[in-house]
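To start, the structure under review is shown below, and the notes come after it.
The values are calculated or read from the model by the stated rules, or taken from the named source; none is laboratory data. Note that the structure is predicted; figures quoted are calculated from it, not measured. Note that each Cβ is placed from the backbone with ideal geometry, even for glycine, and that neighbours are counted across all protein chains shown.
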Amino acid sequence: MYLWILLLFSSGSGASEFDSTYVSVTVVGSGEDVILINGLASSPQVWAETLNQLQSSYRVHLFSIKGFAGTKAASSTPDVYLEALRDDVLGYIEFAQLESPVLVGHSMGGLLSLMVGSSAPEVVSKIVIVDALPFYSLLFNAQATTAQVAPFAANLEQQLLTMSEVEYESYVRQAARIMVKSAEGVETVVAWANSTDRAMYAQLVREVMSYDGRELLEQISVPVQVIYAYDPSMPITAERLSNLYQAAYSRAGTVNFVQVDDAYHFIMWDQPERFIEYLKAFLVRPE
């Protein structure tokens, strides 16, 4: 299914000349510019169906983060990976001379989109966040602070680094089962995680858990759409989850929330038709 898309990713066909230390970019289609940024330990193939739906009307820029899902990690490790990746997104927008692209980010890619939008609000036109909070650890404690979370996140980083291959696969498989509904999707997520650079993954787990971007939201001047998942099997009611998201994004200016039912974290896989419906509607909405 969508074999040409998979071949595109594997062969590098359509790649732009932009090839930084930490990311590479593939460009497909024509029209207004949309940047797709995948989440932690994911491949840009996560967007295959999204790309299939957008590429006839939009010029889509797919980011591939080096070190994820079988790609070779950078030879140098930045002090703060999230900031290095943010700077690469900004660098690409300048390099490609994009005029007000839309940022679409899933999970960690959503956090990166918020970081880009707050650092340089004038360079983007809209931001779409797919199942991500400006402070990840609010999912576990609505009153969490970076100071409280940092020791736990650092400890988890060390645990991830010292796990055996069997222990690590068990860890990622357990996580995958609550992130995507289909058995095929679980296996894909596990395969991507197993082929992601472990040290890079562990560092980014620590950074994402500890990073509180709520104050940055005040600097974002463009419309933001937050598409988040809900399923009755989750250990939270729909009302509480809605309140959590609205409180987390309360400092942002213009925010629209869309709850997608019967979906886990990979909304674009679990409910592809509804996901693309909400995404397309936001893309054509006047700014």
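Please tell me if K126 is under 26 Å from W47 (Cα atoms) and over 17 Å from the mean Cα position of the chain (by Cα). Answer is no for this residue. Pairs are defined by a Cβ separation below 6 Å, a sequence spacing of at least 6 or placement on different chains, a first member in segment 33-45 that is on the phi > 0 side of the Ramachandran plot, and a second member that is at pLDDT 95 or above; the pairs so defined are A41/F68; A41/W192; A41/A193; A41/T196; A41/Y201.
Residue pairs whose Cβ atoms lie under 6 Å apart, separated by 6 or more positions or on different chains, with the first residue in segment 184-213 and over 9 Å from F68 (Cα atoms) and the second of a type in the set (K, R), are V186/R177; V190/R173. Inspection of segment 162-171 identifies at least one residue that is surrounded by fewer than 20 Cβ atoms within 10 Å (Cβ to Cβ), without any contact (Cβ under 8 Å) to a residue 60 or more places away in the chain and among the hydrophobic types (A, V, I, L, M, F, W, C).
Just wondering, is there one or more residues in segment 146-153 that are part of a helix (DSSP H, G or I), of a type outside the set (S, T, Y), over 16 Å from the mean Cα position of the chain (by Cα) and within 25 Å of K66 (Cβ to Cβ)?
Within segment 146-153 (the criterion being part of a helix (DSSP H, G or I), of a type outside the set (S, T, Y), over 16 Å from the mean Cα position of the chain (by Cα) and within 25 Å of K66 (Cβ to Cβ)), the answer is yes, since at least one residue qualifies.
When I178 is tested against (1) more than 26 Å from E49 (Cβ to Cβ); (2) not in a helix (DSSP H, G or I), only condition (1) is not met. Can you name the residue in segment 123-147 that is out of contact with any helix residue (DSSP H, G or I) (no Cβ under 8 Å at 6 or more places or on another chain) and in contact (Cβ under 8 Å) with a residue 40 or more places away in the chain and is also farthest from Y211 (Cα to Cα) among such residues? Restricting to residues being out of contact with any helix residue (DSSP H, G or I) (no Cβ under 8 Å at 6 or more places or on another chain) and in contact (Cβ under 8 Å) with a residue 40 or more places away in the chain, the top hit is S125.
Comparison of Y278, Y264 shows that the only residue that is touching a residue at least 60 places away in the same chain (Cβ under 8 Å) and in contact with a strand residue (DSSP E or B) (Cβ under 8 Å, 6 or more places away or on another chain) is Y264. Scan segment 242-256 for residues that are closer than 14 Å to D131 by Cβ and outside any helix (DSSP H, G or I) and the total you get is 1. What residue, among those in segment 121-142 that are part of a loop (DSSP other than H, G, I, E, B) and at pLDDT 95 or above, is surrounded by the fewest Cβ atoms within 10 Å (Cβ to Cβ)? Across segment 121-142, the extreme among qualifying residues is S125. Of the residues that sit in segment 188-241 and are part of a loop (DSSP other than H, G, I, E, B) and among the hydroxyl-bearing types (S, T, Y), which one is modelled with the lowest pLDDT? Per the criteria, the residue is S221. Annotation: of all residues in segment 212-268 being surrounded by fewer than 15 Cβ atoms within 10 Å (Cβ to Cβ) and of a type in the set (S, T, Y), the one that is nearest to R285 (Cα to Cα) is T254. Of the helices (runs of 4 or more DSSP H) that lie entirely inside segment 2-101, those containing 1 or more residues that are modelled with pLDDT of 95 or more and surrounded by fewer than 23 Cβ atoms within 10 Å (Cβ to Cβ) span 48-54, 81-95.
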